[in-house]
Each structure stands twice: as structure tokens, then as C-alpha cells.
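The values are calculated or read from the model by the stated rules, or taken from the named source; none is laboratory data. As the structure is a prediction and not an experimental result, all values here were calculated from the model. Backbone-built Cβ (ideal geometry, glycine too); neighbour counts: all protein chains shown.
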Amino acid sequence: MEMITVQQAENIILSQAQDFGKEFIHYDSALGRVLAEDLKADRDLPPFDRPTVDGIAISYHAYEKGIRSFKIKAVQSAGEPSVSIHSAEDCIEIMTGAALDSSADTVIRYEDISIDHGTAHINIDIKQGQNIHLKAKDKKEGEILVKAGQIISPAIIGIASSIGKTTLFVKKLPKIAIISTGDEMVSAESVPTPFQLRRSNGVSIQSVLKKYGIQADTLHVNDHYEEIKKELARCIEEYDVLLLSGGVSMGKFDYLPEVCRELGIEKRFHKIKQRPGKPFWFGSKDQKLVFAFPGNPVSVFMCLHRYFIPWLEKSLETPPTSPLFAVLQDDIDFPFGLQYFAQVKLNINSSGQLTAESVHTNGSGDFSHLAETDAFIELPLEQNHFKKGEVYPIWKYNF
Ligand SMILES: Nc1nc2c(c(=O)[nH]1)N[C@H]1C(S)=C(S)[C@@H](COP(=O)(O)OP(=O)(O)OC[C@H]3O[C@@H](n4cnc5c(N)ncnc54)[C@H](O)[C@@H]3O)O[C@H]1N2
Ligand code: MOO
Ligand SMILES: [Mg+2]
């Protein structure tokens, strides 16, 4: 099969978006999850007329009649039942957030009064209704506070708490296994020999998924045909999605495509006209999906952000977080018939535009520059020369 384009690969992958159902979870573990119900106000917001300052509450009618000195009848703190004013010459000392009684309609700050022997004197001109956050001004009981479909943010968790929603209905997440391969890759805890490396792909994929609330399992297998086959056969049964790294190119020990074929995992494509990530292999068995990323760390990062994350966001029906668009800050030449994803540092210029400064790296095996860059800028296949000032899509991993 001929190499396909980035667009064709994206279409194939996005056509496999799936609904994983819905579930209830506790709100304190809901950060990053997708809300599957509307959150509604359980009562008016605010639920009572609420002073926005500390001071005194009066009836404006008394002020209108010319009264400027008010006897302090009581002190009312937040959380206490409302205290009413019976006589026009009375006021209540009241604190921010207390429930104002309907007999008062105007609040004056401590800074604007003087208090002498239990009487408050108003020293400024005031307006009727000032310094009050009125009942139901923000939202009425039953009104929607947060619409379904949003990613649960810290603000949304706070709102859920305020309405007593300690259990939230959210979209279920796919069950994911991350399987890295490679005889030369040892664990982070080990001391590598001079010809080994500590592995990084599995844990970095796992960390990206955590942003979406996915707790993926990781495992590592050596480049051993039977070992890979045994683990893949087990994982394709137990998980919805397998994210593999390594073993998909031309090497003598690149067994993944052949193992998948033997296990009846149907190849949807192998190889895309792109750099990095050219040997990306994608397949499926029944509803289960296999994303087999090329082992080089930058290829893994690119394919994960360019293909898997959009698939996940489509499956969860949340608005895509990428691509954004940025203004290229340098000329780039790329004389190959591949779609080039250059690593860039993002910034915002003084006109408020997102800018992308290309950073020289040593190819897809150079993971050292992933921390110094923020995104891949996607440069069109049809061109070989890209000029400063041109605008292209970006797929961000930092920023
Ligand atoms: N004859 C050809 N050789 C290669 C081609 C090609 O077209 N013809 N493509 C190259 C490209 S492009 C890439 S990308 C790599 C992809 O290789 P594999 O997917 O087979 O991956 P491996 O061979 O297993 O490893 C490649 C590279 O990545 C490192 N690696 C692997 N796993 C990890 C890990 N968990 N953490 C960090 N680094 C990892 C590994 O050490 C290798 O250096 O193939 C080219 N070859
Ligand atoms: O294209 Mo390969 O993905 O690393 O360089
Ligand atoms: Mg290889």
C-alpha cells in the first residue's frame, strides 16, 4: 500500500471515534473529565439579598426623609438569620455575605459612616439599593449553570460543590494500555549499560493522558516475537485502545505489524507522508483500536497529539483543543515530499498574535528539545519553502 497523506490518516482515525458510555463519579476526582449532564442551580443565586460590603443596612425611605443618624439595633454576621428594622431611625450593622432582611434595602460601608455611642452617622450621599447583590441576580433556581459537554475545570468543580452535586455524571473514558517495546530500553530505575537507554515513551504518553483523567496501564515488552504476541493478544481483549511505541519500521526486530496481522488486528494504514512519524501503523479488531507509533520519542509525541488526542476529543464530543494557528517567525526549507511537523517555541507578540519560532533539533530521536519547545507546526505537503509571516496550524504539547 502506498503511503497515505496526513489528511487521509486523520480521516481514517476520526472515523473510528467511539462512544464509551457514561458513569457517575465523585466530584473531587472529576477534574479534566467531560460533563455529561447540565448542572442546574438548586436555588436562586445568590439565595438572598447579600451585602457586598461590611457596614450598616438601612431603609432608604428613612434617608429620603432626611434622617442621617441611625441607632444600631443589632449586629448581624454572615450565616445568621436576618434581622429586621422596625423603626425608620434604626439600622443593622451587617457583614458581607449576610442575608439582608426585606425591611432594609441599602447598605453603607464602614468607611462612609462614623459610629458614636451606638449611633451610626452617614457622611456621604448614597443611592437606594447600593452595595447589595440581589437574590437571583446571577441565576434563578433551575437555571443551567454549566452545560453538558464541557471539560470539568476547577471553576466547574467549585460550582458543583456550591449546588451540592458531589456526584457528577460524566463521559466514560476508554480503557487504555500503553505498550512500549525495545530490547535496549531499560526502566527509569535501572542503570543502563553503555549500549542501553532508559525508556521514556510509555510514561510520557501516560502523562499526556492524565490531563484527560485517563489512568492508562503501561507495560514494556522486549523485541521478542512470541512475547509481543502473548501480551498483545491479552491486551486487545482487556482494553479498548492500545497505544504502542516502537517496532513498526523496517528493522529485523520490528515485529508489530506482523504480530498484529497474526492476531487478526486489521491494518487500516501503515506509513504516512510525514516527518516525523512516517512508519505510524494503525489498525483495529472489532471495536478495539491499535495506534502503533514509531519508537522515536518525537514521533510518538507528534502522532499522539496529531492523531490520538483529536480521536479522543471526538469520541468524548468535546471541542478540539488543537489545531490553533500561529505566525511563523523564520523561513524554513524542507525539500522532501513529506508533510513536515517542525518543533516550535510559541509566544504571543505585542499585537496579541500567537507566534511560532522554529527550533533546530536533531530529528525524531532528539527528545532533549521537547522541553524547550511547545508545539508542532504543520507545514503543507505541497510546498518546500515556508516564509516568515506565514500562518500554519499548530499542535501544542506545552504552553
Ligand atoms: N530502513 C529504514 N529504517 C528506518 C525507517 C525507514 O523508513 N527505513 N524509518 C525510520 C523512522 S522514520 C523511524 S521513526 C524509526 C521507527 O522505528 P520503530 O517504530 O521501528 O522503533 P524502534 O526501532 O523500536 O525504535 C526507534 C528508536 O526509538 C527509540 N525508542 C524506542 N522505544 C523507546 C522508549 N520507550 N523510550 C525512548 N526511546 C525509545 C529506540 O531506542 C530507537 O532509537 O525507524 C527508522 N528506521
Ligand atoms: O520520521 Mo521518523 O518518525 O522518526 O524520523
Ligand atoms: Mg525499528
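When you scan the range 221-242, do you find a residue that is in contact with a Pro (Cβ under 6 Å, 6 or more places away or on another chain) and at pLDDT 95 or above, even just one? Spell out the reasoning first.
First pass over the range 221-242, keeping only residues in contact with a Pro (Cβ under 6 Å, 6 or more places away or on another chain): 240-241.
From what is left, the residues that are at pLDDT 95 or above are 240-241.
The answer is yes, given that some residue of the range 221-242 is in contact with a Pro (Cβ under 6 Å, 6 or more places away or on another chain) and at pLDDT 95 or above.
Does HIS117 qualify as being of a type outside the set (Asp, Glu) and either free of Cβ contacts under 8 Å to residues at least 12 places away in the same chain or outside the structural domain of GLY55 (by TED's automatic domain parsing) (or both)?
yes
Going by the conditions given, is VAL259 in contact (Cβ under 8 Å) with a residue 40 or more places away in the chain, more than 12 Å from ligand 3 (Cβ to nearest atom) and either in contact with a helix residue (DSSP H, G or I) (Cβ under 8 Å, 6 or more places away or on another chain) or more than 17 Å from ILE12 (Cβ to Cβ) (or both)?
Taking the combined requirement at face value, the residue does not satisfy it.
Looking only at the range 133-166, which residues are closer than 17 Å to GLU23 by Cβ, of a type in the set (Val, Ile, Thr) and more than 19 Å from the chain's Cα centre (by Cα)?
THR166
With the requirement that a residue be of a type in the set (Gly, Ala, Ser) and at positive phi, what does the range 91-135 give you? Lay out the reasoning, then the answer.
At the first step, the residues of the range 91-135 found to be of a type in the set (Gly, Ala, Ser) are 97-99, 102-104, 114, 118, 120, 129.
Matches in the range 91-135: GLY97, GLY118, GLY129.
Just give me the residues in the range 269-296 being touching a Lys or Arg at 6+ places or on another chain (Cβ under 8 Å), assigned to a loop (DSSP other than H, G, I, E, B) and either farther than 24 Å from PHE336 by Cβ or without any contact (Cβ under 8 Å) to a residue 60 or more places away in the chain (or both), in sequence order.
PRO279
Across the range 232-256, what is the total count of residues that are surrounded by 19 or more Cβ atoms within 10 Å (Cβ to Cβ) and more than 16 Å from ligand 3 (Cβ to nearest atom)?
Looking only at that region, the number is 7.
So that you can scan it fast, the table gives a plain yes or no per residue for (1) more than 35 Å from the chain's Cα centre (by Cα); (2) modelled with pLDDT of 95 or more; (3) of a type in the set (Lys, Arg); (4) surrounded by 16 or more Cβ atoms within 10 Å (Cβ to Cβ):
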position	(1), (2), (3), (4)
ILE4	no, yes, no, yes
ALA36	no, yes, no, yes
ASP42	no, yes, no, no
PRO47	no, yes, no, no
SER69	yes, yes, no, no
SER82	yes, yes, no, yes
GLY97	no, yes, no, no
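Are there any pairs with C-beta distances below 8 angstrom linking a residue in the range 61-88 that is among the small types (Gly, Ala, Ser) to a residue that is part of a helix (DSSP H, G or I), with the two at least 6 apart or on different chains, and if so which?
As it stands, the answer is ALA88/HIS61; ALA88/ALA62, since those pairs meet every condition given.
Take the range 238-256 and flag every residue that is away from ligand 2 (no atom under 15 Å from the Cβ), of a type outside the set (Asp, Glu) and over 18 Å from PHE308 (Cα atoms).
LYS252, PHE253, TYR255
Scan the range 359-371 and give yes if some residue there is part of a strand (DSSP E or B), in contact with a strand residue (DSSP E or B) (Cβ under 9 Å, 6 or more places away or on another chain) and within 13 Å of GLN329 (Cβ to Cβ), otherwise no. So that I can check it myself, show each step before the final result.
First, pick out the residues of the range 359-371 that are part of a strand (DSSP E or B): none.
No, the range 359-371 contains no residue that is part of a strand (DSSP E or B), in contact with a strand residue (DSSP E or B) (Cβ under 9 Å, 6 or more places away or on another chain) and within 13 Å of GLN329 (Cβ to Cβ).
One residue is enough: does the range 252-272 have a residue meeting the conditions assigned by TED's automatic domain parsing to the domain that holds THR218, within 14 Å of ligand 1 (Cβ to nearest atom) and touching an Asp or Glu at 6+ places or on another chain (Cβ under 6 Å)?
There is at least one residue in the range 252-272 that is assigned by TED's automatic domain parsing to the domain that holds THR218, within 14 Å of ligand 1 (Cβ to nearest atom) and touching an Asp or Glu at 6+ places or on another chain (Cβ under 6 Å).
Hey, could you check the range 167-194 for residues that are of a type in the set (S, T, N, Q) and touching a helix residue (DSSP H, G or I) at 6+ places or on another chain (Cβ under 9 Å) and say which is surrounded by the most Cβ atoms within 10 Å (Cβ to Cβ)?
My answer is THR181.
Looking at (1) out of contact with any helix residue (DSSP H, G or I) (no Cβ under 8 Å at 6 or more places or on another chain); (2) surrounded by fewer than 18 Cβ atoms within 10 Å (Cβ to Cβ), which one does CYS91 not meet, given that it meets all the others?
Looking at each condition in turn, CYS91 falls short on (2).
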